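Asks: Take a look at this one; I'll ask things after.
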Amino acid sequence: MAGGCYSCTKYLFVFLNFIFLVFGIAGIAGSVYMLVDPTFSFQFTQNPGDATISVIILLVASIILFFAGALGIWATIKERRWGVVLCFCFLLIIVVAQVSAGVWGYIHRDNLETQIRITVKETVERDYRDNKNNIRALFDTFQEKLECCGAEKPSDWMNTGEINYGITNSKSTYSIPESCCRKSISKDQCISATHDLKIGSQINYSSIYEKGCYTLIIEKLKDYVNVILGVGGAILAIELLGLILGLCLAFSMNRPNRYKA
């Protein structure tokens, strides 16, 4: 009976570590993609390095999870107790980090929406014009991929300080970046819809994306928050189960051999 329980624990622990291995590979791939993707270089925090640091932390955690999975499989098959204990320690580090990140996110949840709004608005009204750290090309790419325009609406581009004043009349004009143009229209239609627009005139939403980037980000966050919480909770539950099995396996390892003796 004891030998049967031990074998079941071994097989289940190996299976869980295989899942950790897959999660680790997926996390590494996702982290590298976010670091390489030019749109991710556009930061939604006042500190431009925060998002990059967060991705690096995710990358490190994914690498640890990958090694924990590989080590757990090897140590269980070879019945190396020290390897199982080390795998347990790696998993414990990951769980503590995830719980800490979850608590931090819950505490600062009320500030997230305001933070995103401020940063996107400042990018449209100031940073895009100044082109600091090549933010113009980055934000253009971001608008094209997310299919949005401006912070809250396309008319936000009137407040960028790039208004053109006519010589013979008092009316002023402004321009919207061509990255706001819908993919289905021609180059001439895009230029006509974005260049030399009169203040107060109707924007051609058949050619320009109607929703602002901040608005779209908040909508997507609200749509996916339950999915994110569900996936995160499932991963945490699997890791907790792995901790329990790893602890049981470390204490039980080699006992069947002693029984045989």
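No lab work stands behind these numbers, since they all come straight from the coordinates. Source: prediction; values computed, not measured. We place every Cβ from the backbone using ideal geometry, glycine too, and count neighbours over all the protein chains shown.
Asks: Sort 194-204, 216-226, 87-97 by packing, meaning the average of other beta carbons within 10 Å per residue, with the highest value first.
Replies: 87-97, 194-204, 216-226
Asks: Leu92 versus Glu147, label points 7 Å from Cα toward the beta carbon: distance in nm?
Replies: 4.9
Asks: Rank by packing, highest mean first: peptides 144-151, 240-247, with packing defined as the count of other Cβ atoms within 10 Å averaged across residues.
Replies: Ranking, from highest mean packing down: 144-151, 240-247.
Asks: Using the number of other C-beta atoms within 10 angstrom as an exposure proxy, rank Phe20, Phe251 with the fewest first. Walk me through the intermediate numbers first.
Replies: Details: Phe20 27, Phe251 10.
With the sparsest Cβ surroundings first, the list reads Phe251, Phe20.
Asks: Still on this structure, I have one more. I'd like to compare 98-105, 179-186: which one has the highest average count of other Cβ atoms within 10 Å, and what's the full order after that?
Replies: 179-186, 98-105
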